[in-house]
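As structure tokens, the structure follows; a few thoughts come after it.
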Amino acid sequence: MNSLNGPAQARVDLGAISDNISLLRERAGSAEVMAMVKAEAYGHGLVPAARAALAGGATWLGVAKLAEALRLRDEGVTGVRTLVGVGVPGEPWERAVERDVDLTAGALWQLDEFAVAAERAGRPARVHLKADTGMTRGGSGQDDWPALVEAALAAEASGRVRVAGLMSHFACADEPGHPSVARQLALFTEMVEHAEKAGLRPEVRHLANSAATLTLPEARFDLVRPGIATYGLTPIPEAGTFGLRPAMTLTADASMVKRVPAGSGVSYGHTYTTDRETNLAVVPAGYGDGIPRHGSNVLEVLAAGARRRVAGRVCMDQFVIDLGDDVLAAGDEIVLFGPGDRGEPTAQEWADALGTISYEIVTRIGSRVPRVYENGPQ
Ligand SMILES: *Cc1c(COP(=O)(O)O)cnc(C)c1O
């Protein structure tokens, strides 16, 4: 990502990421921790976040796409098990095999392509078989599982594949007590047993996301896969913060402050009108930076020591806030969201105001916003 400071910036507290991983390691008991760093580490920056997670004690990294894993390797994050979760037929899987990247297989075509890739690379492909235990998205359902296991055993016998893991993914772990959670846990246990009886000897069995890592010890198995909690945001807002510390603070410097008369229509569509003579500040961040346009007249920020609501529409590159008679100068810092220590909103508050989840708030902060790293590992 861009390393120039800009009018808006996302400060990323790498020490918070390391500390969050330490907390998750404690919660994980004897299980290892795979830090999920997909989607630019939920917007925090792939490589710096990965290094901070490793410094905190993560021993695996998880990404969604092949290109993300290859970028980790290209940028020197090597010697750590790294798992790719998602792909389509025809991707250059041999590049994963060559660079010691593990692959997820929930369908026969994947095993077939990974075996071909292994031949090209001249070494076995390390594969995690994915069971669909009730998420009903990726992975093999129970009916198709025996055939996938048989195909994996055959590929192992031919020396082209090593089944390193067995895994699944929860649909509702963020709703503790949801009946699907116990069902998925039971079915995963059953599908693992089937695979092991058939002869597979995985190094790791893994199921838990952040919510399960924090609330469901039975789901830890050998490895847990926290994503959102790594970045200090709670996977279960009703249950509190779990002692996690948000790593991202989004700030922008006011680009202009002006006094306007009562009755001034503000921004596109004039959806906000000043009800008195007032000071407006222009904030140089917009939906082109990942500020949701649905936040028009809704989101709050911290400016001149108090909360201010977005006044009028969020534009592509900027939005406006109404300061009343309070004073701010061009160049003064405005905090859009952060850990909340200084009275600024949190990403969770923004998510609540918009009817979404904190994941989306941080992940969508765009590549135009430079990430400024603080408290990094030595
Ligand atoms: C994204 C992801 C996770 C992490 O989920 P969180 O809710 O962010 O903890 C875990 N496992 C898989 C397979 C994922 O895709």
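The values are calculated or read from the model by the stated rules, or taken from the named source; none is laboratory data. Bear in mind that the values here come from a model prediction, so they are computed numbers and not experimental data. FYI the Cβ positions are ideal-geometry reconstructions off the backbone, even for glycines, and counts take in every protein chain you see.
Structure values in brief
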{"item": "Candidates ALA49, ALA41, ALA35, ALA53 - the one that is under 17 Å from LEU233 (Cα atoms), at pLDDT 95 or above and in a strand (DSSP E or B)", "result": "ALA35"}
{"item": "Which listed residue is within 16 Å of the ligand (Cβ to nearest atom) and over 22 Å from PRO226 (Cβ atoms), from SER168, SER158, SER140", "result": "SER140"}
{"item": "Sole exception among (1) surrounded by 19 or more Cβ atoms within 10 Å (Cβ to Cβ); (2) assigned to a loop (DSSP other than H, G, I, E, B) for ALA281, by number", "result": "(2)"}
{"item": "Criterion violated by GLY343 - all others in (1) in a loop (DSSP other than H, G, I, E, B); (2) under 15 Å from ALA10 (Cβ atoms) satisfied", "result": "(2)"}
{"item": "Hits in segment 184-213 - residues which are assigned to a helix (DSSP H, G or I), under 16 Å from HIS169 (Cα atoms) and more than 9 Å from the ligand (Cβ to nearest atom)", "result": "GLN184, LEU185, ALA186, LEU187, PHE188, THR189, GLU190, MET191, VAL192"}
{"item": "Residue in segment 240-257 that is nearest to the ligand (Cβ to nearest atom), counting only those that are touching a Leu at 6+ places or on another chain (Cβ under 8 Å) and aliphatic (A, V, I, L, M)", "result": "LEU244"}
{"item": "Which listed residue is touching a residue at least 40 places away in the same chain (Cβ under 8 Å) and either within 16 Å of the ligand (Cβ to nearest atom) or not assigned by TED's automatic domain parsing to the domain that holds ALA186 (or both), from VAL224, VAL260", "result": "VAL224"}
{"item": "VAL86 vs. criteria surrounded by fewer than 23 Cβ atoms within 10 Å (Cβ to Cβ), hydrophobic (A, V, I, L, M, F, W, C) and either assigned to a helix (DSSP H, G or I) or without any contact (Cβ under 8 Å) to a residue 24 or more places away in the chain (or both)", "result": "no"}
{"item": "Complete set of residues in segment 90-104 that are more than 16 Å from the ligand (Cβ to nearest atom) and either buried (at least 22 other Cβ atoms within 10 Å of the Cβ) or under 18 Å from THR59 (Cα atoms) (or both)", "result": "TRP93, ALA96, VAL97, ARG99, ASP100"}
{"item": "Any hit, segment 233-242, residues being on the phi > 0 side of the Ramachandran plot, out of contact with any His (no Cβ under 7 Å at 6 or more places or on another chain) and either among the hydrophobic types (A, V, I, L, M, F, W, C) or assigned to a helix (DSSP H, G or I) (or both)", "result": "yes"}
